[in-house]
Amino acid sequence: VLQGYAAEMDNPLMAHLIPPELQNKKDILFGNMEEIYHFHNRIFLRELENYIEYPELVGRCFLDQMEDFQIYEKYCQNKPRSESLWRQFSDSVFFQECQRKLDHKLSLDSYLLKPVQRITKYQLLLKEMLKYSKNCEGAEDLQEALTSILGILKAVNDSMHQIAITGYDGNLNELGKLLMQGSFNVWTDHKKGHSKVKDLARFKPMQRHLFLHEKAVLFCKKREENGEGYEKAPSYSYKHSLNMAAVGITENVKGDAKKFEIWYNAREEVYIIQAPTPEVKATWVNEIRKVLT
């Protein structure tokens, strides 16, 4: 892909086949695929080869390189832009000519999906290895490697949602790390004074997608998009946010194990939040508690 497509975009002999709108868009189309290729070719493959005789110890290899795996996050974040570009120009003569020269059965988009598939495959391989390595000396490393890869997958997944937020004025990066994101039913109470929270329960909840950052929690409304592939990915229109420095939490709401409360400015605003399951609620309450302490 790098030689037969990416490099060809800079080949003067192919320039006449490239639509003008596609020129200078190489970085968008291929993202940081070259960086991923070099990581595997120069570093990760060589490391793996050291463990050919001791496959049960391969967990160590993953742990040593774990920081480098974050290059996949960058690739996945760019993927929607890459897909949209590909869809505009997929039938261009340039791509057909590259594919013909390479003698590829599949078109370029199938190969651009490979890094996304690869990062999701590692956890399956590690799980499978763990199954057969229960009592050997590398088992702990394998388990730790699996946990770390799952952490990277979660970060990739979260960031894919985060880049779909629209309408937020500030810079999302200034809100600190994105810790959790997910969809909830939300009831609100903004009256100053003593309104009974239970009167609220009759009202229809709002569907909100919450993004918990270290410094703020964002409330967004999810919009499903029509289209193919990543175009089907939802976007989230920003509604409002609460600064974590002024947030309080009530972990249990009577009568529903899935509900908790986030309140703001000494209960001036109260948000009753219903998670899809008690487990999801517990995870969120724990994360919020960590931020507040």
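Could you tell me which of rounded, prolate or oblate describes the stretch 61-172, using a ≥ b ≥ c as the square roots of the eigenvalues of the alpha-carbon gyration tensor, with rounded for a/c under 1.5 and, failing that, prolate when a/b is larger than b/c and oblate otherwise? Mind dumping the intermediate values first?
Working: a/c = 3.53, a/b = 1.46, b/c = 2.41.
Note, shape of the stretch 61-172 comes out oblate.
Want the number for Ala266 to Glu47: 0.36 nm per residue separation, take away the alpha-carbon distance, what's left?
73.4 nm is the gain from fully extending Ala266 to Glu47.
Using the charge dipole of the chain (Lys, Arg: +1 at Cβ; Asp, Glu: -1 at Cβ; taken about the Cα centre), state which of Leu175, Ala282, Leu113 has its Cα farthest towards the positive end.
So the residue we want is Ala282.
Between the DSSP loop rule and a limit of at most 11 other Cβ atoms within 10 Å, which trypsin sites (Lys or Arg not before Pro) in the stretch 238-284 are left?
Working: sites: Lys239, Lys254, Lys258, Lys259, Arg267, Lys281; in loops: Lys254, Lys258, Arg267.
Filter output for the stretch 238-284: Lys254.
Work out Dmax and Rg for the stretch 42-124 from the C-alpha atoms and quote the Rg first, both in angstrom.
Computed over the Cα atoms of the stretch 42-124, radius of gyration and Dmax are 16.9, 48 Å.
Under 19 Å between alpha carbons, and skipping anything fewer than 8 positions from Lys222 in its own chain: which aspartates and glutamates qualify?
Straight-line reach from Lys222, under 19 Å: Asp158, Asp169, Glu231.
Give me the tail of P(r) for the stretch 240-293 as a percent: Cα-Cα pairs with distance above 14 Å. Intermediate values should be presented prior to the final figure.
Details: 722 of 1431 pairs.
Distances greater than 14 Å cover 50 percent of the Cα pairs.
When all protein chains stay in place, what accessible area (Å², nearest 10, 1.4 Å probe) is found for Lys222?
90 Å²
Using a/c under 1.5 as the rounded threshold, could you call the stretch 4-47 rounded, prolate or oblate? The axes a ≥ b ≥ c are square roots of the C-alpha gyration tensor eigenvalues, and prolate needs a/b larger than b/c, oblate otherwise.
Values: a/c = 5.44, a/b = 2.48, b/c = 2.20.
The shape class here is prolate.
What do you reckon, how do Asp103, Asp109, Asp169 stack up by accessible area (1.4 Å probe), largest on top? Write down the numbers at each step before the final one.
Values: Asp103 120, Asp109 60, Asp169 155 Å².
Result of the area sort, largest leading: Asp169, Asp103, Asp109.
Name the longest site-free stretch of the chain, where the excluded sites are chymotrypsin sites (Phe, Trp or Tyr not before Pro) in a DSSP loop with no more than 15 other beta-carbon atoms within 10 Å. It would help to have the intermediate numbers written out before the result.
Numbers: sites that count: Tyr51, Tyr132, Phe203.
My reading of the result: 204-293 is the longest stretch.
What Kirkwood hydrodynamic radius do you get for the stretch 23-75 when you take the inverse of the mean 1/r over all pairs of distinct Cα atoms, in Å?
Numbers: mean 1/r = 0.0807 Å⁻¹.
Taking every pair of different Cα atoms in the stretch 23-75, averaging 1/r and inverting gives 12.4 Å.
Please say if the chain is rounded, prolate or oblate, where rounded means a/c under 1.5 for a ≥ b ≥ c the square roots of the C-alpha gyration tensor eigenvalues, and otherwise the choice is prolate for a/b larger than b/c and oblate otherwise? Display every interim value, and only then the final one.
Working: a/c = 2.85, a/b = 1.50, b/c = 1.90.
Verdict is oblate for the chain.
Out of residues 5 or more away from Trp263 or on other chains, whose amide H comes under 5 Å of its own, with H placed 1.01 Å from N in the peptide plane?
So Trp263 has HN proximity to Gly248, Ile249, Thr250, Tyr271.
For the pairs Lys26/Lys239; Lys204/Lys239; Lys79/Lys134; Lys154/Lys281; Lys134/Lys290; Lys114/Lys134, flag any whose C-alpha to C-alpha distance is greater than 26 Å.
Checking Cα-Cα distances, Lys26/Lys239; Lys79/Lys134; Lys134/Lys290; Lys114/Lys134 exceed 26 Å.
Between Glu34 and Lys154, what is the spin-label point distance in nm, taking each point 7 Å from the Cα along the Cα→C-beta axis?
Result for the modelled spin labels: 3.5 nm.
Excluding ligands and nucleic acids, what accessible area in Å² is computed for Ser82 using a 1.4 Å probe, to the nearest 10?
My reading of the accessible area for Ser82 is about 0 Å².
Mean separation of Cα pairs under 8 Å and 6+ residues apart, divided by the residue count of the chain: what relative contact order is that in percent? Spell out each step's value before the answer.
On the way: 388 pairs, mean separation 41.8, N = 293.
Answer for the chain is 14 percent.
Helix hunt in the chain: which complete DSSP H runs extend at least 15 Å axially by C-alpha with mean Kyte-Doolittle at least -0.5? Kindly include the intermediate steps, with their values, before the conclusion.
Numbers: long enough: 71-89 (26 Å, -1.44); 114-131 (26 Å, -0.47); 139-162 (34 Å, 0.06); 278-292 (21 Å, -0.22).
Qualifying helices: 114-131, 139-162, 278-292.
Do any trypsin sites (Lys or Arg not before Pro) in the stretch 52-109 lie in a DSSP loop with no more than 13 other beta carbon atoms within 10 Å, and if so, which? Don't skip to the end; give the middle numbers.
Details: sites: Arg60, Lys74, Arg81, Arg87, Arg100, Lys101, Lys105; in loops: Lys105.
Sites meeting the loop and neighbour criteria: Lys105.
The values are calculated or read from the model by the stated rules, or taken from the named source; none is laboratory data. Given the structure is predicted, the values throughout are model-derived calculations rather than measurements. Please note: Cβ atoms are built from the backbone with ideal geometry, for glycine as well, and neighbour counts cover all protein chains shown. The protein model used for the area step is the full one, side chains on, heavy atoms only, and it has no ligands, DNA or RNA in it. Shrake-Rupley method; radii C 1.70, N 1.55, O 1.52, S 1.80 Å.
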